[in-house]
Each structure stands twice: as C-alpha cells, then as structure tokens.
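Reading through the structure tokens given below for one structure.
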Amino acid sequence: PTHPRGLDMALAEYRECVAQHVTINESCGVHVHVDVCDLTFEELRGVLLLYSVLERTLYKYCGSSRENNNFCVPLGECGDRLSWFRGGISINNDLRYCGLNLAAVRKFGSLEFRMHPGCTSPPRIGAWAGICARIKEFGRMCTPESVYNMLYLDLDVFLLDAMGQHG
C-alpha cells in the first residue's frame, strides 16, 4: 500500500519488475486498495453509494473480460445492496471475490477494487488507481439526495466529478 503521492515511485518500481519479461493471462487482475480508515460510517456509506451507481461504468472501463470473472463478481450480484444503506454494513468473506471487496475493510482498513484486468502498463495502472482514489474522495461527500440530483441534472458533469480526469 502507498499514499497516492507515492504512486509514481511505486509504478516506477513496477516498471522495472515487468521489464524482466512478465506475462499475464485472463485470470490476472490489478487490485487497488484504497485506505478508508479515515472515513466515518456516513462517509463510507457515501462511497458505497457512489460505487453502486458507477459499477457498470467501471466494468465497461475495465473491459468485458472481467464481467464474468469469478474473482471479481459485480457487487450488485453479491447480495442485498440495500443492506449497505441501512443501519450497518454486514461484511463476510463471501464478498472477498466481488469487484469491490468489502471484506478488506475489516481485514486491512481498505476497499479493494478488483475488477481491472491484468496489465503491465504503469500509466494504465496509475489511471485506474486514480479513479479508485477519486471514488473515495468524491464518494465521502455523497448522500442519496446529492447523487440523485447529480445524475438527473447533468450525467457528464457527474461522471467527471466522480471519476476525475481519468474517467
């Protein structure tokens, strides 16, 4: 794990590793952990709300090979999403293999984004990590009302705000 400011250094180190002839296949994925220890419950709920609205778009960004992968099942297919927005979040290890691994919150204090395919391109990985970080930062301010208003006022502005320059 690294702070977003350390991402360039981590990607440079990664670039050196992949230069030593690394191959990937369809089962490989890029997993990005975003620290959520600094969030209140309400802020975490906002991030999950934003993610649930963006999930299909994120899978389209990542490519069709990840949509039917058993190791990054869309969270919308992993149980009762409405329970996230009620009084608490019930997390078990069954959620580990969802595109957004909520079990990592309890284990590592992070949300783990698992839906990006295997990749050896540091700029592509950096862009994906930027999207994941932006979802946390923008999502922490989201409420159901604010997301509803943004979605129905101007979808393009909403996507730019939610995913940042990388989207």
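Per residue, the accessible area of the range 26-69 comes to 47 Å² when a 1.4 Å probe rolls over the protein heavy atoms. Here each label is just a point 7 Å from Cα along the line to Cβ, and for Ser64 and Arg124 those points are 1.7 nm apart.
Given a Förster distance of 25 angstrom, what is the FRET efficiency for Asp38 paired with Lys107, based on the Cβ-Cβ distance and rounded to 0.05? So, using R0 = 25 Å, E works out to roughly 0.90.
The values are calculated or read from the model by the stated rules, or taken from the named source; none is laboratory data. On a predicted model such as this, the values are computed, not experimentally measured, just so you know. Backbone-built Cβ (ideal geometry, glycine too); neighbour counts: all protein chains shown. The area values use the complete protein model at the heavy-atom level, side chains included, leaving out ligands, DNA and RNA. Shrake-Rupley method; radii C 1.70, N 1.55, O 1.52, S 1.80 Å.
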